[in-house]
Amino acid sequence: MQRVFKCCLLLLALLMSTASFAQLSSNPDKFLGNITTRGSVDAGNGVPSFYLLWNQITCENESKWGSVEGNRGNFNWGCDNAFNYAKQHGFPYKFHALVWGAQYPNWLPDLSPRERFAAITNWFDKVKQKYKTLPMIDVVNEAVGEGNQWHQAGNPMIRESLGGGGKTGFDWLIKAFDMAGQRWPDAILIYNDYNSLRWDVDRYITLVQTLRDAGAPIDAYGNQAHELSDISATELTNVLKKQQDALKMPMYVTELDIDKANDAQQKAQYERVLPMMWEAPYCAGVTLWGYIHGSTWVDNSGLYKNGVERPAMTWLKEYMASDAAKNAVSPFPGKKKEASIYIRPAALKVVKTDVLPIKVHARLATKTIEKVELYVDGTLVATMTEAPYVTEYEVPSSISTGRKLVKAVVTATDGSTYERYGRISVESGTTKHEPFGEVPEMPGTFKIDEYDKGVSGVSYYNATRNTNTAMKTDQWMDYTVDVKEDGLYSFDATVAASSYNGRFHVAEYGLDSLSFLTEIIDVPNTGGTSEWKNMHGMIQTELTAGRHVFTLLVDKGGFYIKDFTLNRFENADGSCMVKPFSGAYGVGDNIKIEAKATSRTSTISEVRFYADNLLIGTATEKPYECMFTPSVKRTYSIMAISVNAEGKEKMSTEQKLKVTSDTPLDIQTLTSDEPDAPAYNLMGMPVGDDYRGIIIKNGKKFVRK
């Protein structure tokens with residue numbers, strides 16, 4: 001009996017101990033979370049286990065791209081520990097972060113913008129493959145900035161990798177959110193930033209507004225709240241109201257810390273700022289950025305010091321046990337997203353009498369939609385009862401110019417309603433956005449100077465109807481076309497350039513997403529600004545039959561473009577391969593490009609050869625080969641396309657041709673009476689007998705065969 005009594009006392013003591021360390025937040029709709037500590041979930045050193053204090057977790061560093069894929073192609077999922085811990089204890093895990101201009105892999109800057117976009121896409125795909133469902137994601141982190149005022153030095157590189165500013169000024173961020181929304185439609189997608197509550201308030205609001213207005217699948221804005229150690233209650237009240245009045249969206253406090261060495265001052269500041277944020281009805285949760293003194297990114301923000309809780313932690317426990325904390329309202333009841341609503345207009349800028357297609361992306365997680373109502377400037381313009389919820393808004397001639405508030409109201413069959421806001425801008429001017437003339441049919445050609453009619457900022461920006469004018473950085477033009485058949489297409493552009501500095505891509509601002517029709521294309525040196533040559537590539541997505549508006553976006557100017565042709569693409573059977581290159585080459589060398597092409601069901605009519613997508617030769621009979629004379633010291637991408645008698649094409653993989661000398665290599669065969677000297681390549685490294693090596697002797701270059 002005595003033994004049983006002792007066991008009962010021990011069990012009671014354990015229960016009392018556990019009860020004293022229950023999760024701080026018992027609010028069913030809001031979480032109070034924290035981060036991992038130096039890669040570990042539990043902090044140790046006598047501090048209670050993570051799940052006894054916090055009910056949401058974010059990895060401080062383990063899920064950042066640079067931590068996961070530090071070596072290209074090798075993925076270290078250290079974030080598994082936190083992900084599995086959250087799943088085990090039944091609270092939310094937030095993935096932090098998919099896109100950030102810092103802590104990206106150190107190999108990324110060595111790639112071209114096209115290659116970086118492919119690498120970012122692969123990164124998204126790998127995260128999706130690893131984590132098929134994620135409750136919350138910081139899709140983009142710390143992207144505020146421009147000119148010399150970027151918060152993160154890598155943002156200009158990430159910006160050009162994701163398509164630049166484009167029509168909206170923030171296309172790169174819209175693209176990132178579209179990519180995330182396509183992979184995780186049920187996740188809460190967040191934009192997160194640093195000085196959002198003090199020094200960058202207006203730029204932060206403008207950025208988030210643009211994402212929302214464009215219809216990007218952004219569900220909440222995140223205030224890191226690192227900078228609040230000395231903010232007054234009045235200042236914080238005003239800025240929170242300013243943000244919410246402008247954005248009308250759920251908000252998270254994502255990285256709160258109070259960096260104070262003085263215990264009393266830290267406690268007083270927590271008392272000042274946390275209730276104000278926690279009790280805001282639009283606040284969905286608060287994540288503290290570390291709680292162990294000496295183990296956070298700043299010196300004095302910890303809530304436990306040497307295993308003992310600081311006064312701020314004692315207060316935090318008391319506050320979270322109060323009725324005010326337990327009953328605070330959240331925009332995400334149950335900590336989950338019920339409604340996914342995004343208003344996607346075909347354009348953010350219009351003129352009077354324009355007809356603007358608008359789609360309301362509306363989906364409820366557990367309920368059924370009865371109707372979707374769309375308002376512009378307070379006037380009901382459409383009531384839609386069946387998906388897809390698409391309407392055409394005819395801009396009244398009587399409307400004033402300026403920003404117009406757009407609102408979608410989704411009503412469920414149980415009578416509950418959900419709202420989403422956006423804006424469009426009515427520009428001054430009377431020329432509607434419409435085709436230049438007769439709408440060109442695709443397959444077919446549209447001329448670059450025949451972009452759509454309209455006003456600047458609506459149908460074009462910084463453009464002239466003159467192909468003798470060089471393209472300008474951030475210039476763009478719309479082209480209305482009719483695609484006759486569903487299918488895959490290739491393109492041929494007529495370009496001219498005297499350098500390799502130009503870059504462009506073609507996009508479509510659709511009602512579902514911002515679609516990149518082409519890769520981000522580097523325009524090759526054609527030999528001069530009046531040397532027009534054909535440049536070939538593939539349309540990246542299958543086109544549907546019907547009316548389309550393509551947009552040519554100039555990522556970096558300085559080149560010339562005359563026209564753009566779309567061709568139907570049908571993949572041929574058989575194979576097409578370019579013979580790999582080896583050895584050293586110089587500018588001005590005559591280099592033979594050789595290809596093998598076969599077809600199982602037809603004959604080969606021609607093989608076209610391309611260097612950096614620029615046509616350099618065509619062969620109509622075997623052997624399929626052409627000569628190429630490089631004009632610049634660089635690494636060229638060489639490819640071939642075989643065309644069979646039915647007009648179907650087969651594209652080879654790219655082969656890299658390295659031109660390492662500024663001058664032609666005067667190569668002579670090493671004769672038998674030459675000394676048996678070792679062969680060296682142009683990098684000064686010795687090579688074997690089976691490799692094309694160069695010997696420099698008496699100013700001449702010799703090759704050992």
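Quick check on this structure: which one of R503, R568, R547 is in contact with a helix residue (DSSP H, G or I) (Cβ under 9 Å, 6 or more places away or on another chain) and either modelled with pLDDT under 95 or not acidic (D, E) (or both)?
On inspection, the qualifying residue turns out to be R503.
Quick one: what pairs do we get from segment 643-662, first residue free of Cβ contacts under 8 Å to residues at least 24 places away in the same chain and more than 17 Å from A619 (Cα to Cα), second part of a strand (DSSP E or B) and of a type in the set (D, E, K, R), C-beta under 7 Å, 6+ apart or different chains?
Hits for this filter: zero, empty list.
Could you list, in sequence order, all residues of segment 507-529 that are open to solvent by 30 Å² or more (accessible area, probe 1.4 Å) and either within 15 Å of D555 (Cβ to Cβ) or of a type in the set (A, V, I, L, M, F, W, C) (or both)?
Scanning segment 507-529 gives L511, E519, D522.
For segment 586-604, how many residues are among the hydroxyl-bearing types (S, T, Y) and touching a Ser or Thr at 6+ places or on another chain (Cβ under 7 Å)?
Here the count works out to 1.
Go over the candidates T494, T417, T431, T464 one by one and state the one that is of a type in the set (V, I, T), surrounded by fewer than 15 Cβ atoms within 10 Å (Cβ to Cβ) and either within 24 Å of T565 (Cβ to Cβ) or in contact with a Cys (Cβ under 8 Å, 6 or more places away or on another chain) (or both). Don't jump to the end; show me each part of the working.
Numbers: T494 fails: surrounded by fewer than 15 Cβ atoms within 10 Å (Cβ to Cβ); T417 fails: either within 24 Å of T565 (Cβ to Cβ) or in contact with a Cys (Cβ under 8 Å, 6 or more places away or on another chain) (or both); T431 fails: either within 24 Å of T565 (Cβ to Cβ) or in contact with a Cys (Cβ under 8 Å, 6 or more places away or on another chain) (or both).
Within the list T494, T417, T431, T464, the selection yields T464.
Residues of segment 320-336 being over 26 Å from L189 (Cα atoms), in contact (Cβ under 8 Å) with a residue 24 or more places away in the chain and open to solvent by 30 Å² or more (accessible area, probe 1.4 Å), which ones?
The answer is A321, A324.
Just for segment 365-393: of the residues that are out of contact with any Lys or Arg (no Cβ under 9 Å at 6 or more places or on another chain) and surrounded by 13 or more Cβ atoms within 10 Å (Cβ to Cβ), which one is farthest from E427 (Cα to Cα)?
K367
For segment 298-319, which positions are within 18 Å of E255 (Cα to Cα), touching a strand residue (DSSP E or B) at 6+ places or on another chain (Cβ under 9 Å) and either part of a helix (DSSP H, G or I) or in contact (Cβ under 8 Å) with a residue 24 or more places away in the chain (or both)?
S301, Y304, M313, L316
Residues checked against (1) in contact with a Cys (Cβ under 9 Å, 6 or more places away or on another chain); (2) under 30 Å from K453 (Cβ atoms); (3) open to solvent by 40 Å² or more (accessible area, probe 1.4 Å):
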position: C576; (1), (2), (3): no, no, no
position: G588; (1), (2), (3): no, no, no
position: V607; (1), (2), (3): yes, no, no
position: E625; (1), (2), (3): no, no, yes
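Among the residues of segment 256-268, what is the count of those that are surrounded by 18 or more Cβ atoms within 10 Å (Cβ to Cβ) and touching a residue at least 40 places away in the same chain (Cβ under 8 Å)?
Matching residues across segment 256-268 total 6.
For the subset of segment 443-459 comprising residues that are of a type in the set (A, V, I, L, M, F, W, C) and more than 16 Å from V506 (Cβ to Cβ), which member is least open to solvent (accessible area, probe 1.4 Å)?
V458
Tell me yes or no: at least one residue of segment 672-693 is outside any loop (DSSP other than H, G, I, E, B), buried (at least 17 other Cβ atoms within 10 Å of the Cβ) and modelled with pLDDT under 95.
yes
Given the criterion modelled with pLDDT of 50 or more, open to solvent by 40 Å² or more (accessible area, probe 1.4 Å) and in contact with an Asp or Glu (Cβ under 8 Å, 6 or more places away or on another chain), identify the matching residue among T618, T635, T663.
Numbers: T635 fails: in contact with an Asp or Glu (Cβ under 8 Å, 6 or more places away or on another chain); T663 fails: in contact with an Asp or Glu (Cβ under 8 Å, 6 or more places away or on another chain).
Within the list T618, T635, T663, the selection yields T618.
I want to confirm something. Restricting to segment 467-479 and keeping residues that are polar (S, T, N, Q) and touching a Lys or Arg at 6+ places or on another chain (Cβ under 7 Å), which single residue is least open to solvent (accessible area, probe 1.4 Å)?
Looking at the filtered set, the residue picked out is T467.
Hey, can you tell me all the residues within segment 49-85 that are under 19 Å from W297 (Cα atoms) and either at pLDDT below 95 or open to solvent by 40 Å² or more (accessible area, probe 1.4 Å) (or both)?
If the condition is that a residue be under 19 Å from W297 (Cα atoms) and either at pLDDT below 95 or open to solvent by 40 Å² or more (accessible area, probe 1.4 Å) (or both), then N61, S67 are the ones that fit.
Filter segment 155-170 down to the residues that are touching a helix residue (DSSP H, G or I) at 6+ places or on another chain (Cβ under 8 Å) and either surrounded by fewer than 22 Cβ atoms within 10 Å (Cβ to Cβ) or among the small types (G, A, S) (or both) and list them by number.
First, the residues of segment 155-170 that are touching a helix residue (DSSP H, G or I) at 6+ places or on another chain (Cβ under 8 Å): 157-166, 168-170.
Within segment 155-170, M157, E160, S161, G163, G164, G165, G166, T168, G169 meet the criteria.
Restricting to strands (runs of 3 or more DSSP E) lying wholly in segment 566-659: which have 3 or more residues that are under 23 Å from V495 (Cα atoms)?
Passing ranges, in order: 604-611, 614-619, 624-628, 635-644.
Residues that are out of contact with any strand residue (DSSP E or B) (no Cβ under 7 Å at 6 or more places or on another chain), surrounded by fewer than 24 Cβ atoms within 10 Å (Cβ to Cβ) and assigned to a loop (DSSP other than H, G, I, E, B): does segment 231-251 have at least one?
Checked against the condition, which is being out of contact with any strand residue (DSSP E or B) (no Cβ under 7 Å at 6 or more places or on another chain), surrounded by fewer than 24 Cβ atoms within 10 Å (Cβ to Cβ) and assigned to a loop (DSSP other than H, G, I, E, B), segment 231-251 yields at least one hit.
Can you name the condition, by its number, that V139 falls short on among (1) within 24 Å of A225 (Cβ to Cβ); (2) open to solvent by 30 Å² or more (accessible area, probe 1.4 Å)?
(2)
Here are the criteria: (1) out of contact with any strand residue (DSSP E or B) (no Cβ under 9 Å at 6 or more places or on another chain); (2) without any contact (Cβ under 8 Å) to a residue 40 or more places away in the chain; (3) of a type in the set (S, T, N, Q). Tell me which single one T430 does not satisfy.
All conditions pass for T430, except number (2).
Which pairs have Cβ atoms under 7 Å, sit 6 or more apart or on different chains, and link a residue in segment 101-112 that is without any contact (Cβ under 8 Å) to a residue 24 or more places away in the chain and of a type outside the set (A, V, I, L, M, F, W, C) to one that is outside any helix (DSSP H, G or I) and open to solvent by 30 Å² or more (accessible area, probe 1.4 Å)?
Matching pairs, first to second residue: none at all.
Check T133 against each of (1) over 14 Å from the mean Cα position of the chain (by Cα); (2) among the β-branched types (V, I, T); (3) closer than 30 Å to T234 by Cβ and name the one condition it does not meet.
Among (1) over 14 Å from the mean Cα position of the chain (by Cα); (2) among the β-branched types (V, I, T); (3) closer than 30 Å to T234 by Cβ, the lone unmet condition for T133 is (3).
In segment 357-388, what residues are within 26 Å of the chain's Cα centre (by Cα) and not basic (K, R)?
Quick first cut of segment 357-388, residues within 26 Å of the chain's Cα centre (by Cα) only: 357-365, 388.
Answer for segment 357-388, where residues must be within 26 Å of the chain's Cα centre (by Cα) and not basic (K, R): P357, I358, V360, H361, A362, L364, A365, P388.
Taking segment 86-102, which residues are more than 20 Å from M179 (Cα to Cα) and open to solvent by 30 Å² or more (accessible area, probe 1.4 Å)?
Across segment 86-102, the qualifying residues are K87, Q88, H89, G90.
Listed here are the residues, each with its yes/no results for (1) assigned to a loop (DSSP other than H, G, I, E, B); (2) surrounded by 20 or more Cβ atoms within 10 Å (Cβ to Cβ); (3) touching a residue at least 60 places away in the same chain (Cβ under 8 Å).
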{"site": "W172", "(1), (2), (3)": "no, yes, no"}
{"site": "F177", "(1), (2), (3)": "no, yes, no"}
{"site": "D186", "(1), (2), (3)": "yes, no, yes"}
{"site": "R198", "(1), (2), (3)": "yes, no, no"}
{"site": "R203", "(1), (2), (3)": "no, no, no"}
{"site": "L207", "(1), (2), (3)": "no, yes, yes"}
{"site": "G222", "(1), (2), (3)": "no, yes, yes"}
{"site": "S229", "(1), (2), (3)": "yes, no, no"}
{"site": "Y270", "(1), (2), (3)": "no, yes, no"}
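The values are calculated or read from the model by the stated rules, or taken from the named source; none is laboratory data. In this text, all values refer to a predicted model and were calculated from it rather than measured experimentally. Methodologically, a virtual Cβ is constructed for each residue, glycine included, from the backbone with ideal geometry; neighbour enumeration extends over all protein chains shown. Ligands, DNA and RNA are stripped out before the accessible areas are found, and what is left, the full protein with its side chains, is counted by its heavy atoms. Shrake-Rupley method; radii C 1.70, N 1.55, O 1.52, S 1.80 Å.
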